[in-house]
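Asker: Pasting a structure here, questions to come.
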Amino acid sequence: MRKTHLISLIAALALFGCGQSEVKKVAEPKVASDAAVNDNRPVYNVYFDANGFAPFVMSDADNRPSGFGIDIVTAIGDKQGFHPNFIPHSFTGMLEDLGKGADLAVAAITVTDERRSLVDFTNSHFETTQALLVPEGSTITSANDLKGKKVAVVGNTIGENMAQQIQAGSGDLTRNTSVWSAVQQVMRKEVDAAFADAGPLTYYANNYKGKKLRVIIDPSIPKEFYSVAVAKNKPELLKKMNTGLEQIRADGTYDKIYQKWFQSAVTAPAAEASAAATAAAK
């Protein structure tokens, strides 16, 4: 069974306990990474959002991208004979800019019909859903309870749109630029709840156990699927990505990457360790 099931995600994320902070915003990289200097493979630029989607996309102490999505794209490149050059880009405008400075984009990108009008998508590599994050002791137990509440969301996302529909004008939404900043609002008790992707919310809840946060998965909320975005009019690249994804599933590479990020503790990058300690103490 392919490990894209939501139950596996939540169970695996519960194993994290390293106290990791939000990922550090990376510096603009060179045209190609050092690893590509002596690499004769063709290079594809890849936008990535390292601002708030741990453990899917993060950056290490040297500002190099890391995470589940990064490893997936890298592994596909190894199978299909290309080198991905990762370039930081805010999630806002990422898909609109695809094709201008990069041919691929990786983050926690949920496939929607609206987004399909902007980009093409690979076959799905991850299954998730929207979820709620609340302080322990909160009276909120389901998505319907968000009505009349102050809720932190990430702007321009599926979560924001869904929260608006749930509240139907009854309540207040505060827009954030990342899941991490939405989580911090809950920690500071500035909002009643956060509403965003289940993966990052569960990751942060388990890495800040001292904050006593609780993730609520409402079965009435539909499942979503993450994919890598591909610039329009790139059929050969799309074919490479899908073929490579099938290859890494077939030979066990996908499972190894999944286990690396979701079934073992992840050590916080050195650059983030001090920030994690500071945030945990607040």
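The values are calculated or read from the model by the stated rules, or taken from the named source; none is laboratory data. The structure presented is a predicted model; accordingly, all values stated were derived computationally and were not measured. Ideal geometry is used to build each Cβ from the backbone, glycine not excepted, and the neighbour counts take in all protein chains shown.
Asker: In contact (Cβ under 8 Å) with a residue 12 or more places away in the chain, of a type outside the set (Asp, Glu) and over 30 Å from Ile76 (Cα atoms): is that true of Gln165 in this structure?
Answerer: no
Asker: Just for segment 98-150: of the residues that are among the aliphatic types (A, V, I, L, M) and surrounded by fewer than 20 Cβ atoms within 10 Å (Cβ to Cβ), which one is farthest from Asn51 (Cα to Cα)?
Answerer: Ile140
Asker: Just checking, how many residues over segment 115-134 are more than 19 Å from Leu238 (Cβ to Cβ) and either free of Cβ contacts under 8 Å to residues at least 24 places away in the same chain or in contact with a helix residue (DSSP H, G or I) (Cβ under 6 Å, 6 or more places away or on another chain) (or both)?
Answerer: Summing the residues that are more than 19 Å from Leu238 (Cβ to Cβ) and either free of Cβ contacts under 8 Å to residues at least 24 places away in the same chain or in contact with a helix residue (DSSP H, G or I) (Cβ under 6 Å, 6 or more places away or on another chain) (or both) in segment 115-134 gives 6.
Asker: Count, please, the residues in segment 123-146 that happen to be in a loop (DSSP other than H, G, I, E, B), under 16 Å from the mean Cα position of the chain (by Cα) and of a type in the set (Val, Ile, Thr).
Answerer: So the answer is 0.
Asker: Return the only residue of Gly210, Gly148, Gly159, Gly199 being more than 25 Å from Trp261 (Cβ to Cβ) and in contact with a helix residue (DSSP H, G or I) (Cβ under 9 Å, 6 or more places away or on another chain).
Answerer: The match here is Gly148.
Asker: Which condition does Thr157 not pass, out of (1) at pLDDT 95 or above; (2) of a type in the set (Val, Ile, Thr); (3) crowded, with 16+ Cβ neighbours inside 10 Å, if it passes all the others?
Answerer: Thr157 satisfies all of (1) at pLDDT 95 or above; (2) of a type in the set (Val, Ile, Thr); (3) crowded, with 16+ Cβ neighbours inside 10 Å except (1).
Asker: Would you be able to tell me the number of residues in segment 69-89 that are modelled with pLDDT under 95 and not in a strand (DSSP E or B)?
Answerer: So the count comes out to 1.
Asker: Would you check which residues across segment 89-131 are hydroxyl-bearing (Ser, Thr, Tyr) and over 13 Å from Asp197 (Cβ atoms) and list them?
Answerer: Ser90, Thr92, Thr112, Ser117, Thr122, Ser124
Asker: Against the definition (crowded, with 19+ Cβ neighbours inside 10 Å and out of contact with any helix residue (DSSP H, G or I) (no Cβ under 7 Å at 6 or more places or on another chain)), how does Ala182 come out, yes or no?
Answerer: In short, yes.
Asker: Quickly run through segment 188-219 and pick out the residues that are part of a helix (DSSP H, G or I) and surrounded by fewer than 21 Cβ atoms within 10 Å (Cβ to Cβ).
Answerer: Asn206, Lys209, Gly210, Lys211
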